[in-house]
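Here the structure is laid out as structure tokens; the discussion comes afterwards.
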Amino acid sequence: MGVNFSKVCKHFSARYINVLRCDKNLTLFKDVKLITKDQSTFSKDIIYIGNMSFVESKINDAIGATFILINDSKFPLEKLPKNDLNVIELKDSEDIYEIFNYTRDLFLEDIEIVRETSTLLNAAIMDNGLDYIIKVASEILCNPIIIVDINYKILANSTLDDITDKYWRKNIKKGYCSYDFISEIKKMKDMQIGIKSNEPFEVVCKGSPVIKLVSVIKIGNTHVGNIILLSCKRKLLPKDNELLVLTSKIVAAEMKKDSFYKNTKNIAYERIIYDILDGKLSNKEVFNERIKNSNAKFPKRISVFVFDISNYSSYRRQSNYLTDTFNLLFPLKDLVYYKDNIILINDNEKVDEPLQEQEKLKEFLTENKIYLGISKEFSNMIECQKYYFQSIKAIKIGKIRNPKDFIINYRDIQFYDLLSLKSDELNYEEYYHPALSKLKEYDKINKTDFYNTLFVYLKNNQSIQNTSDELLIHRNTTRYRIQKIVDVTHLDVLDNEDMFNIYVSYKIADYLEKFKRYSKV
């Protein structure tokens, strides 16, 4: 609150020709006055408005003063004395009385903001809850407000009658944002840039004429949600930014109270999941108490399913397609949205068949480019964060190894996860079996395919028949190649330890080669 020079410059941004700014001056102005012909003294906390011709001869004595000047004498601004002045230069065609009134509007707006701030703070100390705060803020801002948490669950909102945006009306009726909606929101440039800022930012959505002003809600330095002002009743005003920031701070204070969570639907289960995944719930006694108070139940045999929807596109999809399909594939299961992914704590005791056999799920994931990472099985829910990271690693490594495989079990990529634990200085190529280098060099000179042949041979447990089938060659050709490989490398194919070391070298080489290609994309 308060009128400073930066605020004045912003107010005149579409009208001024030039600005002379003193970076030392942080004054909050208390009034605006017109310059008179005989005026000789100037206060630092007053904005003076007049013609350049009035002040040319006396501005040398105006140390630290602030002027809005209509340059009727074409006096170059750079020739003004360097005595801590703030000056906004306007065209000589401007009307001095109109400029005075336009500047005065800033002070009237500031008075109004002070009054409205007092009303908001009064609503906060009355301790009537989040809904009351939103009601008061909405009345002050003359537009409806919606509050969502970091995972886009709707925590509070203005009355539905005031909200004309069709998408938000649907979300409010459900009590949460659909996965389809979240997926599209996350891709918007306005959201990606604005969410990192401490200032409110405008968002324009396709298919809706309603402009939104969004302010992040933070508890300490942690982003916990967003407050959204919708321009349903009137256009957004500059003062809305300041008032929305204050409202977000008041909401943050309210969200810190435990009583707030009692007013939300199915929040207890989700809070437990979020706190475990965030590493905030690791004490067994506290965990058991939370479970008891929330009536939440967790199975004895668990896996964490993480669905990466970052590549999903709702183009040519019916409304809520993603959400409806997930509910169809996983009926009666609690899915939560966490850090841009959909999370499922899966009860393995109720799985009738292996996940890979569920063709409908595989088809759905492949068609929509959604990756599913599956952790190893565990039984202690308090360890869920560790297994969540397994699922994340499964997706990350799976995209590198085989981007066409949309279901990745951590147990299948655990070996490659070990490679990610290497130091930056470690060069794995130094640990390759020397036979591989010999075969690569031999293939290069003789245009053969012995390097790949040996890999397929080891992968198939040294079966001539299976190797021949995979390479689409005759068994005698396979035998010939294996013998030539032995001649070139002097390997003993009956030495299990040596064959194991070679196979590990192959696996490392294959993964690192794919990783290099993936990193360039």
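Once you have a ≥ b ≥ c as the square roots of the Cα gyration tensor eigenvalues for the range 126-261, tell me rounded if a/c is under 1.5, and otherwise prolate or oblate according to whether a/b is larger than b/c. Judged from the Cα gyration tensor, the range 126-261 comes out rounded (a/c under 1.5). Students often get this wrong, so try it: which of (i) -0.67, -1.06, -1.26; (ii) -0.75, -1.03, -1.23; (iii) -0.52, -0.95, -1.29 is log10 I(q)/I(0) by the Debye sum over Cα atoms at q = 0.08, 0.11, 0.13 Å⁻¹ as calculated from the structure shown? Only one listed value fits the structure, namely (ii). For the range 5-107, the convex hull spanned by the alpha carbon atoms encloses 90 Å³ per residue. The 3J(HN,Hα) values that the Karplus relation (6.51, -1.76, 1.60; θ = phi - 60°) gives for the range 312-318 are, in residue order, 6, 10, 8, 4, 6, 10, 5 Hz. Gly and Pro appear as x. If you take every DSSP beta bridge whose two residues both sit in the chain, what share of them, in percent to the nearest 5, is antiparallel? Restricted to the chain, the bridges split so that about 70 percent are antiparallel. Answer rounded, prolate or oblate for the range 213-324, using the Cα gyration tensor with square roots of eigenvalues a ≥ b ≥ c: rounded when a/c is under 1.5, else prolate when a/b is larger than b/c, else oblate. Here the range 213-324 falls in the oblate category.
The trypsin sites (Lys or Arg not before Pro) of the range 142-214 meeting both criteria, a DSSP state outside H, G, I, E and B (loop) and at most 15 other C-beta atoms within 10 angstrom of the site's C-beta, are 196, 206.
Contact order, relative form, for the range 126-261: 26 percent (alpha carbon pairs under 8 Å, 6 or more residues apart, mean separation divided by residue count).
For the range 76-154, rounded, prolate or oblate, judged on the Cα gyration tensor with a ≥ b ≥ c (square roots of eigenvalues), a/c < 1.5 rounded, else prolate if a/b > b/c? Taking the square roots of the gyration eigenvalues as a ≥ b ≥ c, the range 76-154 is prolate.
Think of it as helices only: each DSSP H run of n ≥ 4 in the chain is worth -39500 (n - 2.57), and spread over all residues that comes to -14000 deg cm²/dmol at 222 nm.
Laboratory data are not the source of any read-out in this text; all were calculated from the coordinates shown. Computed from a predicted structure; not experimentally measured. FYI the Cβ positions are ideal-geometry reconstructions off the backbone, even for glycines, and counts take in every protein chain you see.
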